[in-house]
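Comments concern the structure below.
The values are calculated or read from the model by the stated rules, or taken from the named source; none is laboratory data. Predicted model only: the values in this text are computed from it and were never measured. Please note: Cβ atoms are built from the backbone with ideal geometry, for glycine as well, and neighbour counts cover all protein chains shown.
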Amino acid sequence: MLKTTRLLLPVLAMAFVPMAFADKAPADPRISALLADLAKVRSISATQLSPDGQQLAWVISTGNKLGIEVAKIDGSNPHRIGSAAPGTCSSSDIAWSPDSQHLAFLSDCGNASRRKDIFIADTRSNEAPKKLVPLQGLAQDLTWSPDGHTLGFLYVENATRRSSALAAAKPAAGEIGVDGVEVQRVAAVDAAGGAVRLLTPTSRHVYEFAWSPDARRIAYVAAPPPGDNNWWIAKLLIQDAQSGANATVTVDPAITKGSLHGLQIALPRWSPDGSRIAFIGGLMSDQGATGGDIYSVATSGGEPVNLTPGTHVTPVWLSWTGAQQLLVSQIRHGQSEVAEYAISGNAAKLGRTLFTVPASIGAGEEAMALSVSDDHSRVAFVQSSFDAAPEVHAGPLGSTPPPAVTHFNAALKPSWGRTESVEWENQGLHVQGWLIYPANYDPAKTYPMVVNVHGGPASAVIPRWPGVGYGGAPFAALGYFVFMPNPRGSYGQGEAFVQANRKDFGYGDLRDTLAGIDAIEKKLPVDDKRLGLTGWSYGGFMSMFAPTQTQRFKAVVAGAGIGNWQSYYGQNLIDQWMLPYFGASVYDDPAAYAKSSAINFIKQAKTPTLVVVGDRDAECPAAQSLEFWHALRAQNVPTSLVIYPNEGHRFVDPAHQRDVLQSALNWFQKYLPPSP
């Protein structure tokens, strides 16, 4: 039956997508203008500071292509790396060599198949970058060995897709789980050139790795394939940096005895002397959305130690800055914070909070990653907020956030109103969220409000400039308050808060959200009869579940949601994530899954609901949206379902990204008009 459903989905997509694209002239011309403004932002997907702290490199979009530029630390004298004209080919994944003179990167320039190869550029020379090695697969996470002799990277030979559960799943064909399984491994190539060497075996799918300080070993987080499903049971391993070397399991959360038991691990970082590895451990719902406590384990083995038990912030990135000191990026009440931690024995104490910003920061794929010079005196990252579009920030690492050194998006101004952090109490918990005011706010008027629930649930809303992709800020440009809560289950208040919604999806976090709505309505002119609800992924689940529990919401847009946890268990390709949250499989405890399934309360749903999803979504399969839409239609609830072809959990086609946002804006305009 599952296979039949999968085969039907592309047909359904063909049937529904034209409906979404049919309305090319929305009634409100502000929607077209808003979408055009959002499309103007130039994304900066990564920035890296040279180890000597003198140069910056960044990856900047031109049209739909990525290019690399290098500049001085203050952003002056920027110049493009590579001879191809901007927008003609795509280059990314930058990595400085230890000598600060060479920049490695991936590029499809000169490759007719558009597969990216590894290049190295001498940034102090006018010579064109040299192709180090052609690749027959997909690479990512280029990392120089500390001695500068080798480039390591994650590599999938003969890959057909990016190694990520967020990417579009391969079409189901052949023997499922056996045919066409793609394994990501640690690979290496000499900096002087030569053949690619595969360091780790096909029996382990590697998610991230790190070189030891002496470049002789690697530590990596890995699990048996398939990789999309098994990150939640990954282990930390150490082996010599040679092909065929035996690996030692250093941390296995399944058998640890302490607070890490049954949880997830990420970001292994060798201590300067190579004797320990620090990492982040906690309840994490998505690879890449890292957050938890800071742990340490001896490289010789033994039980990992929780260095930050009971902390009330969420560390998400770390780097050693001394034998007993860590630099940490962390989330505190929906804001980005950079702090120093001093390690003493089995504890890491918060020493100095350097700065806190109501903005998103990051240097690359890792959440809130920083790029720091070797002497730890300078830092660089990309920053954006609801008030400022993304720019590269760089400068001294100290108590003042570094300034913007680029001005790619300086001309862009928000078309929505001001933003503020809101905090409230509920059931003994202190909860925080973000509120965006409507454009041209007039306190003498009343306004509708759209509640946008974040995905995860182990994640957090941190201010970020919106692109054409789905988000809350654009609704405020059309006359809505937009409320983005960080309820229990979110990052920002410590691991206990993250774990507060285990076995309780949709209940405690909904109560937190409703209490936040009440708090806002007590002080601002929000019309309770004009509340909307939306979200993607876990937010999509909440958008399906909440209207079966309360009638306060008058319009809903559910993106890539889950309407039936019981059927979902057998449909998705990432079921390992569910055991830490539900405590058992659906076959051992079906009641735990039934408790939070909207489909079991569908008779109580009355709210007009737009449902959108990608037809190759491995995380929240389209069958879930189809089942929920079918149930609403059977109850005569106004509803529409749009399935987008060739999209995974994260949409990549700009036309689809634009159409989803436009459809949602139109839906709220129809059922939740800004004017009463």
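Taking the stretch 13-35, which residues are under 24 Å from Gly648 (Cα atoms) and at pLDDT 50 or above?
Selection gives Leu35 alone.
Pairs only if they're at least six apart or on different chains, beta carbon under 6 angstrom, first in the stretch 623-648 and in contact (Cβ under 8 Å) with a residue 40 or more places away in the chain, second charged (D, E, K, R) and buried (at least 20 other Cβ atoms within 10 Å of the Cβ); list them, first residue then second.
Ile643/Asp615; Pro645/Asp615; Gly648/Arg616; Gly648/Asp617
So which residues in the stretch 255-282 are out of contact with any strand residue (DSSP E or B) (no Cβ under 7 Å at 6 or more places or on another chain), of a type outside the set (S, T, N, Q) and within 28 Å of His312 (Cβ to Cβ)?
First, pick out the residues of the stretch 255-282 that are out of contact with any strand residue (DSSP E or B) (no Cβ under 7 Å at 6 or more places or on another chain): 255-257, 261-262, 273-274.
If we keep only those that are of a type outside the set (S, T, N, Q) too, we end up with 255, 257, 261-262, 273-274.
Within the stretch 255-282, Lys257, His261, Gly262 meet the criteria.
Give the stretch 484-523 a look and list any residue that's of a type in the set (S, T, N, Q), over 26 Å from Asn306 (Cα atoms) and surrounded by fewer than 20 Cβ atoms within 10 Å (Cβ to Cβ), or say none.
The answer is none; no residue qualifies.
Could you list, in sequence order, all residues of the stretch 210-231 that are surrounded by 23 or more Cβ atoms within 10 Å (Cβ to Cβ) and either at pLDDT 95 or above or hydroxyl-bearing (Ser, Thr, Tyr) (or both)?
Matches in the stretch 210-231: Ile218, Ala219, Tyr220, Val221, Ala222, Trp231.
Only residues that are among the β-branched types (Val, Ile, Thr) and farther than 14 Å from Val305 by Cα: list them for the stretch 256-290, please. Quick ask: steps written out before the conclusion?
From the stretch 256-290, those among the β-branched types (Val, Ile, Thr) are 256, 265, 277, 280, 290; that's our starting set.
Passing the criteria: only Thr290.
Would you check if there is a residue in the stretch 120-138 being touching a Leu at 6+ places or on another chain (Cβ under 7 Å) and farther than 29 Å from Pro78 by Cβ?
no
Within the stretch 254-304, take every residue that is out of contact with any helix residue (DSSP H, G or I) (no Cβ under 9 Å at 6 or more places or on another chain) and charged (D, E, K, R) and give me the one that is nearest to Asn501 (Cα to Cα).
Lys257
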